[in-house]
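Below is one structure, written out as structure tokens; the observations come after it.
The values are calculated or read from the model by the stated rules, or taken from the named source; none is laboratory data. This is a predicted model, so every value here is computed, not measured. Please note: Cβ atoms are built from the backbone with ideal geometry, for glycine as well, and neighbour counts cover all protein chains shown.
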Amino acid sequence: MDTQAITLSRFIIDEQRKLGHSADGEFGGLINDIAIACKGVAALVGKGALAGVLGVAGSENAMGDAQKKMDLIANDLFIDALENNGHCAGMASEELDEILTLPDGKIRGSYLVSFDPLDGSSNMDINIDVGAIFSIMKAPENGTEPVAADFARPGVEQIAAGYCLYGPSSMFVLTTGAGVNGFTLDTSIGEFILTHPDMKIPKDTNEFAINASNQRHWEPAIQRYIADCQAGETGSLNKNYNMRWVAAMVGEIHRILCRGGVFLYPIDERNREAGGKLRLLYEGNPMAMLVEQAGGAASTGYERIMEVMPNGDPHQRIAVIMGSKTEVETIIGYHS
Ligand code: FDP
């Protein structure tokens with residue numbers, strides 16, 4: 001074992017000192033709670049069929065998505081880690097209809113956590129990347145029980161955000177508002193180790209990710225942009241593009257943090273009324289914070305995602321265009 005390795009816990013202690021988050025270690029404790037939940041999920045996802053965690057649960061979440069067994073297990077692991085350690089005051093989860101406050105007798109902490117406990121869960125049964133996404137805000141200062149309105153604050157108020165990617169290796173990627181750092185799970189010692197310090201997204205790219213099967217439903221701006229990408233050197237963008245689609249937002253954003261690119265889940269005719277497909281609180285905002293902190297940009301095509309004022313529904317949907325800054329600006333140009 002490398003005794004000089006920077007573990008996630010050690011990193012957070014240093015970070016707390018630098019950023020002046022709670023000096024009593026509560027913020028570090030909260031990140032540790034989330035990391036513990038992620039390690040639990042990583043262990044089960046890694047065993048797959050051997051752990052009996054594949055397949056559907058036979059239930060639906062608040063948005064009507066069929067829940068996988070692993071959606072519910074991951075959700076329980078997050079709730080268990082967050083409600084028992086006195087760092088969290090309330091939660092919003094993709095798998096819960098309403099926000100969750102702490103049961104009587106539990107110590108209420110200073111933070112609100114919104115999470116998607118198993119993003120890209122349709123990949124679960126085919127042994128392709130899945131992940132978890134989380135967003136952290138301060139809880140109401142007066143120590144009262146949080147209500148849904150306390151979560152309905154724009155992404156610029158997040159104090160930290162991150163994801164855990166369960167891929168060939170598991171990676172915990174975190175921003176506390178001072179850059180983005182990636183930690184790889186060393187399963188032999190059960191610790192996340194800093195392996196990707198200060199991740200930066202290249203400004204320019206020629207790689208895009210979009211579910212092209214939705215093409216006929218897109219707005220004209222996206223139709224034109226993708227047509228120009230496909231036209232390559234012969235089109236107005238004047239360069240050849242490559243396309244990728246992991247079908248798990250965590251996988252797409254991780255690729256973009258590693259080598260650049262843009263990820264689009266735009267509004268389309270079928271989801272216009274709902275506002276898009278992906279969720280603002282626990283997908284759009286945390287990923288936007290990570291992407292911006294790594295030098296990229298995140299927009300709906302019309303406005304900065306982190307400035308969107310939530311409507312109070314924890315499952316509010318949003319259009320997402322994020323990644324390499326110059327390319328996102330180009331796509332915004334197609335909208336104006
Ligand atoms: P999933 O529904 O499998 O959880 O969170 C929504 C999401 O996955 C994203 O992670 C992913 O990018 C997208 O939806 C996949 O959408 P498609 O089904 O259109 O491929």
Worksheet item: Of all the residues that make up segment 199-223, how many are among the charged types (D, E, K, R), closer than 20 Å to ASP268 by Cβ and loosely packed, with under 15 Cβ neighbours inside 10 Å?
Response: 1
Practice prompt. Return the only residue of GLY276, GLY295 being closer than 14 Å to ILE321 by Cβ and either surrounded by fewer than 20 Cβ atoms within 10 Å (Cβ to Cβ) or within 13 Å of the ligand (Cβ to nearest atom) (or both).
Written response: GLY276
Worksheet item: Restricting attention to segment 94-105, does a residue exist that is touching a helix residue (DSSP H, G or I) at 6+ places or on another chain (Cβ under 8 Å), outside the structural domain of TYR282 (by TED's automatic domain parsing), of a type outside the set (D, E, K, R) and surrounded by fewer than 17 Cβ atoms within 10 Å (Cβ to Cβ)?
Response: yes
Discussion item. Looking at segment 184-208 only, could you name the residues that are under 22 Å from SER324 (Cα atoms) and among the aromatic types (Phe, Trp, Tyr)?
Written reply: PHE208
Worksheet item: Which one is farthest from ASP97 (Cα to Cα), of the residues in segment 129-183 that are at pLDDT 95 or above and acidic (Asp, Glu)?
Response: ASP129
Worksheet item: Given the structure, is GLY86 modelled with pLDDT of 90 or more and assigned to a helix (DSSP H, G or I)?
Response: no
Worksheet item: Within segment 135-147, is there a residue that is acidic (Asp, Glu), crowded, with 16+ Cβ neighbours inside 10 Å and not assigned by TED's automatic domain parsing to the domain that holds LEU280?
Response: no
Worksheet entry | Residues of segment 238-265 satisfying the condition of being more than 13 Å from THR205 (Cα to Cα) and within 11 Å of the ligand (Cβ to nearest atom) | TRP245, VAL246, ALA247, ALA248, MET249, VAL250, GLY251, GLU252, ILE253, LEU264, TYR265
Worksheet item: How many residues are over 15 Å from VAL262 (Cβ atoms) and not in a helix (DSSP H, G or I) if we restrict to segment 210-227?
Response: 1
Worksheet item: What is the number of the single condition among (1) away from the ligand (no atom under 16 Å from the Cβ); (2) within 19 Å of the chain's Cα centre (by Cα); (3) of a type in the set (Ser, Thr, Tyr); (4) more than 21 Å from LEU257 (Cβ to Cβ) that SER110 does not meet?
Response: (2)
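Condition check ((1) touching a helix residue (DSSP H, G or I) at 6+ places or on another chain (Cβ under 9 Å); (2) surrounded by fewer than 18 Cβ atoms within 10 Å (Cβ to Cβ); (3) in a helix (DSSP H, G or I); (4) without any contact (Cβ under 8 Å) to a residue 60 or more places away in the chain) across all residues:
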position: GLY48; (1), (2), (3), (4): yes, yes, yes, no
position: PHE78; (1), (2), (3), (4): yes, no, yes, yes
position: GLY90; (1), (2), (3), (4): yes, no, no, no
position: ASP116; (1), (2), (3), (4): yes, no, no, no
